[in-house]
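Taken together, the values in this text are just the output of simple stated rules run on the coordinates, not laboratory data. Computed from a predicted model, the values in this text were never measured in an experiment. Methodologically, a virtual Cβ is constructed for each residue, glycine included, from the backbone with ideal geometry; neighbour enumeration extends over all protein chains shown.
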Amino acid sequence: MARFDGRKVLVTGAGSGIGWEMTRLFLEEGAQVIGADLDPDSLPAGAHAVRADISVEDDVARLFDTAARLFGGGADILCNNAGIGSTTDVLDATVEEWDRVFAVNVRGTFLCTKYALPHMLGQGNGVIVNTASVAGMIGLPDRASYSASKGAVIALTKQVAVQWAKQGIRCNCICPGTVDSPWVGRLLAQAGDSDTRRAQLVARQPMGRLAQPVEVAKAALYLASDDAAFVTGSEFVIDGGILAG
Ligand code: NAD
């Protein structure tokens, strides 16, 4: 029997990078998966794709209506993974950029959690795994809105964990370091000389390499699984040793 046989999973940001790998692994391990994304055309085969902007409540409501219909109730496991970045400090950041980062990373996580919880509480169990970042734990240059938003995701993770621990809900977050996803490719391309920038990113890694998206996704699957039955409210760091330095 596979680890997630019969489990119903909803992954946001499932069309690329870490969320794509989460979706693929959940499917491989027996789950039914709904993957939500702004661009749902590139989800792993076998997932049910839903186009949704998680920062928009109507989209989230529609997404969870689909989950109720397809799953005959709702999701047992929610991975709040969709997120966007920014590469500005407080002086450079505009209010529009700040608000957009918070709308996706924080409001989106809040909304999906809000719509997932009633079913989980009704059945007396449920697991939420949020994708935060080491940027929410330490100060990093040029990540003002991004770091603040991921710090908020970590705080919300802990609040949800203690609020409903006795009702069978577990809520944890993963805190990746730098992951070699399409996101990092885009950031490097925007920054110009991407080979030099990549070499700088790699140079700050104790392991001398970036994480592969699948390495991060595997940590999320652990937290979602019954192997983590006594784990809630935690920040699971997958950073190849950055924070240890
Ligand atoms: P990615 O850009 O490859 O994938 C993110 C996916 O989220 C994309 O498919 C995108 O379309 C989707 N998305 C973005 N905004 C959305 C919205 N409003 N509604 C629905 N879907 C939306 O990036 P990734 O590296 O796989 O990042 C996934 C998560 O990991 C993010 O939350 C990110 O903050 C976090 N993270 C990434 C890194 C890294 O180095 N790549 C490090 C730490 C944390």
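Couple of notes before you dig in:
- Residue-span extension gain [Arg186 to Asp227] - 0.36 nm each, minus C-alpha spacing: 11.3 nm
- Structure remark: mean-square fluctuation, Gaussian network model of the chain, C-alpha springs under 10 Å; the largest value among Ala224, Ala165, Ala47 belongs to Ala165.
- Compared with the dominant Cα axis of the chain, that is its longest principal axis, helix 108-123 is turned about 20°.
- Cα long-axis angle, helix 144-163 against the chain (0 to 90 degrees, to the nearest 10): 30
- With all pairs of separate Cα atoms included, the stretch 69-148 yields a Kirkwood hydrodynamic radius of 14.1 Å.
- Largest first, the extents of the alpha carbon coordinates of the stretch 147-245 on the three principal axes equal 51, 26, 25 Å.
- Across the stretch 135-195, Cα pairs under 8 Å and at least six residues apart give a relative contact order of 21 percent.
- Relative contact order for the chain: 19 percent, from Cα pairs under 8 Å spaced at least 6 residues apart, divided by residue count.
- Contact order, relative form, for the stretch 10-80: 30 percent (alpha carbon pairs under 8 Å, 6 or more residues apart, mean separation divided by residue count).
- Tilt relative to the chain, helix 57-71 - C-alpha long axis, 0 to 90 degrees, to 10: 50
- In units of the rule-of-thumb radius 2.2 N^0.38 Å, the stretch 16-55 shows an alpha carbon radius of gyration of 1.06.
- Projected label points at Asp39 and Asp92, each 7 Å from Cα along the beta carbon direction, are separated by 2.3 nanometres.
- Sites Glu29 and Arg51 - FRET efficiency at Förster radius 35 Å, r taken between beta-carbons, to 0.05: 0.90
- Reciprocal mean inverse distance between Cα atoms of the chain - Kirkwood radius, Å: 18.0
- Comparing Asp89, Asp37, Asp195 in a Gaussian network model of the chain where C-alpha atoms under 10 Å apart are linked, the largest mean-square fluctuation is found at Asp195.
- Calculated on the alpha-carbon coordinates, the convex hull of the stretch 26-118 measures out at 109 cubic angstrom per residue.
- Within the stretch 114-131, backbone nitrogen closer than 14 Å to the virtual label 7 Å beyond the Cα of Ala165 toward Cβ: none
- The stretch 29-41 - phi-based ³J(HN,Hα) in whole Hz, Karplus 6.51/-1.76/1.60, Gly and Pro as x: 9, x, 7, 8, 10, 9, x, 9, 6, 4, 10, x, 6
- Comparing Gly30, Gly126, Gly136 in a Gaussian network model of the chain (Cα springs below 10 Å), the most mobile by mean-square fluctuation is Gly30.
- Equivalent-ellipsoid semi-axes for the stretch 132-199 (Cα gyration tensor, √(5λ), whole Å, largest first): 32, 12, 8.
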